[in-house]
């Protein structure tokens, strides 16, 4: 017998929405870290634990429906299993959707790593009237099958025991693999004979042959490169050409491979699953008649997101205000009093630079945590898939799918959770595009600036001006999304194929772990950038003279005065735009300082009214709603895209678009004589 393995690597795999992340979190707790797969933007999660004398590393592979490399997720999963050679692969399947889940299992069984099956969500299957017998399925598959309800912790330890047992006793692993349909078995054997000796290690010959019959582009390219120029099989053909000729004679072979798997799946299901009586309508079916309806589903979606939006800000805003007053401002006052004898620049750096930067991160936390909780509840309940389904048709003009709408909608509250909310989007290109255009959603900070300035500049016409200014970034979002989709991201259109999981009660333990992990990710990633930029902006607004009017920032504003003149704006207005980069609300206090509001009892409204024409005022506000996002959003974009290049592209485009729109509005107004 082989000596017991003391160090194990277990690859955790499964299709989306089968409870794989729950299993991972239960096994590893908080002893896990998140990074990106080498060379990929797809998230990688690795956890570790000590169990029964073994040091176990668990690699959570991306959710994937099969092992044909049609997506980054599928490519990562199969490359890791084949090239990473984990000691055991633990495949988690949904007992309530066994037929669909077993297709991935059929492919995994053809790979060399030993396999253990976690039959999860048996409670949900029972609610649907199904009875799945794990011991019968185990006998039919020839591999360990563990009955699980991971959301309640049931079967997770048994899954780990089975993985350790299989790793320590590989000679006992005798799986019953699916076979190709009988009419193409000879063809498969011929291809195996042709490619034998040419298949790169560690790819299995029989698996590669099946993938060639399926028409897998990546494996086809690999074998073509490996075989070109070689002579094989006594002159029947040279290298790859012989394989190519055989494949061309059997172009329908992919049907034989798939049919063989589905026949195998049918046998497994017939053996192990007792189904409910025909005609039974489940709870999920009844709810979905309304939740996915084109009209009623839209109303339910708006109500659900409206509730999430309202709760996030109704609960989060008072906490945010309390933190701002009692922690950030109080901390700044305490530093100022304790260091009263210290140099003014040091006090300013600590109180207005570092504490203000930390305060920006701190005051965002209530909003983010409440948003993460709400999003986690909707995801775990199973509603997010329905929301994406309902909104899918409206996102197609930009090459996006329904899940992008969910993130963009949240941008009306704050662009930071909007960017972080793109994690629900599986497609890397769709997620990237959504992140790039998310800052155009008019957040509450921008809306608060409009609420104060529009009445000052436009009086009784404020209501329609506000509507136009809210519609403006939404229109630009549509145009920019369409342009980026076609020009920068290849203009690819993919069918939106998405599973509608069964409804279930949310697992509060798993939701809390997800909230914790997402919050830590934000603090470690975006939080650092926010702090650094906040200190930098303080330095630009403070030095060299200690007053913003004489600072480097003001000098930059004066340098931009010629550009401002094209929009009818003086340098003070340009500086107000620049300070909005830190926080959008900074526009108001900056204008108050630079125009001397409060001096001699003059209010900001009285100071600003009449200093610029209506055309210039409209241009200024248009630039404000289209301008580059705040530093918190930029930091989050960098963290989520893992790319300064894409983030700076978005910032640069918004800067160019906002200034161009501002110039066009003012020049058109000047030529028409509006307010001159």
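The values are calculated or read from the model by the stated rules, or taken from the named source; none is laboratory data. The structure displayed is predicted, hence computed values, not measured ones. Using ideal geometry, Cβ is built from the backbone for each residue, glycine included, and neighbour counts are taken over all protein chains shown.
Does residue 321 satisfy the criteria of being more than 29 Å from residue 515 (Cα to Cα) and surrounded by fewer than 18 Cβ atoms within 10 Å (Cβ to Cβ)?
no
Tally the residues that are buried (at least 16 other Cβ atoms within 10 Å of the Cβ) and either more than 16 Å from residue 82 (Cα to Cα) or modelled with pLDDT under 85 (or both), restricting the search to the range 200-215.
Matching residues across the range 200-215 total 3.
Can you find a residue in the range 387-396 that is crowded, with 20+ Cβ neighbours inside 10 Å and free of Cβ contacts under 8 Å to residues at least 24 places away in the same chain?
Looking for residues that are crowded, with 20+ Cβ neighbours inside 10 Å and free of Cβ contacts under 8 Å to residues at least 24 places away in the same chain, one finds at least one in the range 387-396, hence yes.
From (1) in contact (Cβ under 8 Å) with a residue 40 or more places away in the chain; (2) within 19 Å of residue 108 (Cα to Cα); (3) loosely packed, with under 14 Cβ neighbours inside 10 Å, pick out the condition that doesn't hold for residue 183.
(2)
Restricting to the range 343-384, and then to whatever is under 19 Å from the mean Cα position of the chain (by Cα) and outside any helix (DSSP H, G or I), can you tell me which residue is surrounded by the most Cβ atoms within 10 Å (Cβ to Cβ)?
Once the filter is applied, the top-ranked residue is 382.
Residue under question is residue 469, and the condition is that it be farther than 18 Å from residue 416 by Cα, in a helix (DSSP H, G or I), touching a helix residue (DSSP H, G or I) at 6+ places or on another chain (Cβ under 6 Å) and modelled with pLDDT of 80 or more; does it hold?
So residue 469 passes the test.
Name, by its number, the condition in (1) part of a helix (DSSP H, G or I); (2) in contact with a helix residue (DSSP H, G or I) (Cβ under 7 Å, 6 or more places away or on another chain); (3) farther than 22 Å from residue 517 by Cα that does not hold for residue 420.
Going through (1) part of a helix (DSSP H, G or I); (2) in contact with a helix residue (DSSP H, G or I) (Cβ under 7 Å, 6 or more places away or on another chain); (3) farther than 22 Å from residue 517 by Cα one by one, residue 420 breaks only (3).
Taking the range 97-129, which residues are touching a helix residue (DSSP H, G or I) at 6+ places or on another chain (Cβ under 7 Å), within 12 Å of residue 149 (Cα to Cα) and not in a loop (DSSP other than H, G, I, E, B)?
118, 119, 120, 122, 124, 125
Could you pull out every one of the strands (runs of 3 or more DSSP E) wholly within the range 1-81 that has 3 or more residues that are over 20 Å from residue 211 (Cα atoms) and at pLDDT 85 or above?
7-14, 43-51, 54-60
Restricting to the range 484-508, give me the number of residues that are exposed (fewer than 14 other Cβ atoms within 10 Å of the Cβ) and either in a helix (DSSP H, G or I) or modelled with pLDDT of 80 or more (or both).
Residues flagged as exposed (fewer than 14 other Cβ atoms within 10 Å of the Cβ) and either in a helix (DSSP H, G or I) or modelled with pLDDT of 80 or more (or both) within the range 484-508 amount to 3.
Residue 161 - would you say it is outside the structural domain of residue 252 (by TED's automatic domain parsing) and not in a loop (DSSP other than H, G, I, E, B)?
For residue 161, the condition - outside the structural domain of residue 252 (by TED's automatic domain parsing) and not in a loop (DSSP other than H, G, I, E, B) - is met.
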